[in-house]
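Accompanying notes for the structure given below.
The values are calculated or read from the model by the stated rules, or taken from the named source; none is laboratory data. Since we're looking at a predicted model, the values are computed, not measured. Note that each Cβ is placed from the backbone with ideal geometry, even for glycine, and that neighbours are counted across all protein chains shown. SASA here: full protein model, heavy atoms, side chains in, ligands and nucleic acids out. Shrake-Rupley method; radii C 1.70, N 1.55, O 1.52, S 1.80 Å.
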Amino acid sequence: MKVKVAKWGNSLAVRLPKHLADELGLVPGRTVDLEKTGTRLTIETAPAHTIPHYRLEDLLAQIKPGQKPPPFQDWSAVEVPWPDDDWSDIAPTDQEWDAMKRQAETKSGKRRRGA
């Protein structure tokens, strides 16, 4: 089959007849593979990439009774040290915290029973 090459912006384009596009399942936006071999240009429909779908039941079914879990692997790109910050100098004491709660309750008009 012969078709004309047309200009499309700064590129060139080949228009595909509707019956071929329908047979190949081509729609606007679909990705195809192009391969050049000598003077031959091959257009091949690329398989549609699908995201794998997992169900928790299927994943759990793969674990055999008594099987140990795999060892832990840290996938972080950068090692993050545990913070050594000491906030005790600015954190309220238990008595201060209780006083703040009582003050908030009296402002809202609610009092705890037995307080």
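Of note:
- On a per residue basis, the chain carries 106 Å² of accessible surface, using protein heavy atoms and a 1.4 Å probe.
- Helix-only CD estimate at 222 nm, as mean residue ellipticity for the chain, using -39500 (n - 2.57) per DSSP H run (n ≥ 4): -7000 deg cm²/dmol
- Karplus (6.51, -1.76, 1.60) ³J(HN,Hα), θ = phi - 60°, over the range 6-12, in Hz, Gly and Pro reported as x: 10, 8, 9, x, 8, 10, 10
- The chain, accessible surface, carbon-and-sulfur percent (1.4 angstrom probe): 58 percent
- Candidate values [x] 0.98; [y] 1.39; [z] 0.92, label of the one derived for Rg/Rh (Cα atoms, Kirkwood Rh): [y]
- If you count Lys pairs in the chain whose Cα atoms are under 30 Å apart, skipping same-chain pairs closer than 8 places in sequence, the total is 8.
- For the chain, the longest principal axis of the C-alpha atoms and the axis of helix 94-108 are separated by about 80°.
- One chain, two ends: residue 22 and residue 79. Fully extended at 0.36 nm per residue, the span grows by 15.3 nm beyond their Cα-Cα distance.
- Between the C-alpha center of the range 82-108 and that of the range 1-72 there is a gap of 58 Å.
- With each label modelled as a point 7 angstrom along the Cα→C-beta vector, the residue 108-residue 41 pair spans 7.0 nm.
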